[in-house]
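> First the structure, then my questions, so here it is.
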Amino acid sequence: MEALIPVINKLQDVFNTVGADIIQLPQIAVVGTQSSGKSSVLESLVGRDLLPRGTGIVTRRPLILQLVHVDPEDRRKTNDENGVDGEEWGKFLHTKNKIYTDFDEIRQEIEAETERVSGNNKGISDEPIHLKIFSPHVVNLTLVDLPGITKVPVGDQPKDIEIQIRELILKYISNPNCIILAVTAANTDMATSEALKVAREVDPDGRRTLAVVTKLDLMDAGTDAMDVLMGRVIPVKLGLIGVVNRSQLDINNKKSVADSIRDEHAFLQKKYPSLANRNGTKYLAKTLNRLLMHHIRDCLPELKTRINVLAAQYQSLLSSYGEPVEDKSATLLQLITKFAAEYCNTIEGTAKYIETAELCGGARICYIFHETFGRTLESVDPLGGLTTIDVLTAIRNATGPRPALFVPEVSFELLVKRQVKRLEEPSLRCVELVHEEMQRIIQHCSNYSTQELLRFPKLHDAIVEVVTSLLRKRLPVTNEMVHNLVAIELAYINTKHPDFADACGLMNNNIEEQRRNRMRELPSAVPRDKAAGSQGDQEAGTGNWRGMLKKGEEAQADDKSKQQGPLPASPQKGHAVNLLDVPVPVARKLSAREQRDCEVIERLIKSYFLIVRKNIQDSVPKAVMHFLVNHVKDSLQSELVGQLYKPALLDDLLTESEDMAQRRNEAADMLKALQKASQVIAEIRETHLW
């Protein structure tokens, strides 16, 4: 099981090559306040001085520190291959293959790299520094040194430095594959430990938190850390380990880490003899190694699944980017053909990518025909905008100078054409809606169906222009046809239409039935001819148009006599009579005949209008499909080929976007890294480490 940690280190190296952190590998994150002893704990685990020192915030970038145990034979082989003279050395990811044997130089490189990214104003950055230490004196570990928790900005630090550091720490310790090493000084109150507090936020059960108590030798006289080390103050499931750090005086005097560890052991034997074998730096290193191995073993199944899923995703992404173009002519023809096919399939409803959020393509066109257009036509009132006065005026105008015995047919045609004309506007609006939807299909195909077009933005723009132009050319043709459909209905009012003839017959029967009912309701003492005569007198007196004109003349004469006095006896004495000055009453009670005539005309208009509306509702969608939708479908392929498939345009149309080649290379590198990581995990299974 000891070999599991090198495997994780190998996986870390694999993903470091592509600069990606999409895989959350098992690691140990060191969390603590400033000057709590975090750096001293890490140096004790390494056994060398390698971390920057100073006052205030020193760690300003995450330091991912990989400790690799090297056997003597491996060390000699590595020394021969790399020309390394020494048993311990280090390597940074950002300096590639450069090997550092001087740990002072390693510390200087950490400081320089920190200032390069974070600046020299004590600001922080979340971009990590990767350092790998090879030594026979270390155990295999992967540690992350994070900036110390602070409360108050100092010097040139930003005002929100506390929030920045907190968010950076949470970014790492929120990883469920991360073990949290919470460092707290023994000379502070454990109940107020910021490290344990932030660890508990992401690990409330403490299943992946290990507490480290530093500075045991600096506690106040007369006190000890027995209760703390026994877990009586703050219980932590993974345990609590106490260590003794080097003081600043020891560091200034160049006291080695090895000497410090010996002094630490002596202090624990003297001060805490019963707990000495379960505390100290060596015990901490072994515990971390054991915890990390078990944690890696538990995380590997999920890690393997995650790697396989990502490999499939990047394979699909790489396929969508396509291979570099070799045969441009064939590629252009293939892309044009595919777009045309996808466009037609979207209309037919057989596209590969089916939209689930809203209707699109042929489904929306169907909705426009039968829901939007159909409901709009049904909402048109056959008699809308037509008043009783309009009907009576039309009847009067159609009779000319002679009184009419019957309702003139010309008045019916005049009025019904006026109503049928109202169907033209919603019909043209239907064409417009279908045109807009066919325009939207272009974008739908570009976004979902033919992602290869994203590689060639100029080709994409050219295809959009060709299809848009084709749709634009078909729009006036379709509008003209729809206009003609309405004009055809207006050109000939077919009163012999079977449906209209049936309606007229039924209406005549109803009118005759009403007449007979009125005759039955008359008193028996009144003769039928008298009744008819009195009705005729009523019509002739005040009910008919002549009566209206006569009463209007009398009323006008009375008004003029009141205003101007008595008129001369004859017009020859200099007073002209305006025969056209005849007022027509806007609202009055209609006579029985007027009511009958008006009712007949309205019923005829409604009956014929419903017939025409039914015809328009059926013929307009057919015209739109033939002149617009089907024509575009049938001619799209040939139009695209004719406009774009030209040798002079090949190089320009198939020019890739600037970042496409870069994204293809990045996706290919990531796919290789994931495939290599999958092989590493497969090797673990073969060697029975898992």
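The values are calculated or read from the model by the stated rules, or taken from the named source; none is laboratory data. No experiment lies behind these values; they were computed from the predicted model shown. So basically every Cβ, Gly included, is an ideal-geometry build from the backbone, and we count neighbours across all protein chains shown. Note: accessible area is taken over every heavy atom of the protein model, side chains too, but ligands, DNA and RNA are not part of it. Shrake-Rupley method; radii C 1.70, N 1.55, O 1.52, S 1.80 Å.
> Could you list, in their original order, any pairs among LYS328/LYS672; LYS38/LYS151; LYS132/LYS237; LYS132/LYS171 whose Cα atoms are separated by more than 26 Å?
Details: LYS328/LYS672 28 Å; LYS38/LYS151 17 Å; LYS132/LYS237 30 Å; LYS132/LYS171 22 Å.
Distance filter (> 26 Å) returns LYS328/LYS672; LYS132/LYS237.
> Can you give the Rg and Dmax of segment 298-347 based on its C-alpha atoms, in angstrom?
17.8, 54
> Report in % the part of the accessible area of segment 594-647 that belongs to carbon and sulfur, leaving out ligands and nucleic acids; probe 1.4 Å. Spell out each step's value before the answer.
Numbers: 1280 of 2490 Å².
Solvent-exposed carbon and sulfur of segment 594-647 make up 51 percent of the total.
> R0 = 51 Å: FRET efficiency of LEU333 with GLN24, Cβ-based, nearest 0.05? Working shown, then result.
Values: r = 45 Å, r/R0 = 0.89.
Given R0 = 51 Å and the Cβ-Cβ separation, E is 0.65.
> Label points 7 Å out from Cα along the Cβ direction at LYS646 and LYS473: separation in nm?
For the pair LYS646/LYS473, the computed spacing is 1.4 nm.
> According to a simple spin-label model (label point 7 Å from Cα along Cα-to-Cβ), what is the distance in nm between GLU87 and GLU409?
12.2
> Apply 1/(1 + (r/R0)^6) to the Cβ-Cβ distance of ARG262 and ASP189, taking R0 = 30 Å, and write down the FRET efficiency to the nearest 0.05.
On the way: r = 30 Å, r/R0 = 1.01.
The calculated FRET efficiency here is 0.50.
> Bin width 5 Å, alpha-carbon pairs only: give the P(r) of segment 119-168 as whole percents, running from 0 to the bin holding the largest distance.
Over segment 119-168, the share of Cα pairs per 5 Å bin runs 4, 16, 24, 18, 12, 10, 9, 7, 1 percent.
> Same structure, new question: Can you tell me the alpha carbon radius of gyration of segment 586-678 divided by the globular rule-of-thumb value 2.2 N^0.38 Å? Could you put the intermediate results ahead of the total?
Numbers: Rg = 33.2 Å, N = 93, 2.2 N^0.38 = 12.3 Å.
Dividing the Cα Rg of segment 586-678 by 2.2 N^0.38 Å gives 2.70.
> Expressed in nm to one decimal, what extension gain is obtained for the pair VAL680 and GLU348 from 0.36 nm per residue of sequence separation less their Cα-Cα distance?
On the way: separation 332, 0.36 × 332 = 119.52 nm, distance 4.79 nm.
Full extension of this stretch gives 114.7 nm more.
> Measure off 7 Å from each Cα along the Cα-to-Cβ vector at ASN484 and THR393, then give the distance between these two points in nanometres to one decimal.
Once both label points are built, they end up 3.5 nm from each other.
> Using every alpha carbon pair in segment 92-239, what percent of pairs falls into each 10 Å bin from 0 up to the bin containing the largest distance?
For segment 92-239, the pair-distance distribution reads 9, 30, 34, 24, 3, 0.
> Residue by residue, what Karplus-based ³J(HN,Hα) values in Hz, rounded to whole numbers, does segment 204-209 have, using 6.51, -1.76 and 1.60 with θ = phi - 60° and x for Gly and Pro?
3J(HN,Hα) across segment 204-209, in whole Hz: x, 8, x, 6, 10, 10.
> What's the FRET efficiency of HIS497 with GLN439 using the Cβ-Cβ distance as r and R₀ = 41 Å, to the nearest 0.05? Write out the running numbers ahead of the final one.
Numbers: r = 38 Å, r/R0 = 0.94.
Once the sixth-power term is evaluated, E becomes 0.60.
> Under the 0.36 nm per residue contour assumption, what length would be gained going from the current alpha-carbon distance of GLU127 and THR372 to full extension? Don't jump to the answer; show the numbers that get you there.
Numbers: separation 245, 0.36 × 245 = 88.20 nm, distance 5.60 nm.
Residue separation times 0.36 nm, minus the Cα-Cα distance, leaves 82.6 nm.
> Further question on the same structure: With Kirkwood's inverse mean 1/r over C-alpha pairs for Rh, give me the Rg to Rh ratio of segment 201-302, two decimals please. Don't skip to the answer; put the middle values down first.
Numbers: Rg = 15.6 Å, Rh = 15.2 Å.
Radius of gyration over Kirkwood radius for segment 201-302 works out to 1.03.
> I would also like to ask the following. Let me see the pair-distance distribution of segment 312-405: every alpha carbon pair, 5 Å bin width, integer percents in order.
Calculated P(r), rounded to whole percents: 2, 9, 9, 10, 10, 10, 7, 6, 6, 5, 5, 5, 4, 3, 3, 3, 2, 1, 0.
> From the P(r) of segment 252-310, can you give the percent of Cα pairs sitting at distances over 14 Å?
Numbers: 1186 of 1711 pairs.
Result: 69 percent of Cα pairs exceed 14 Å.
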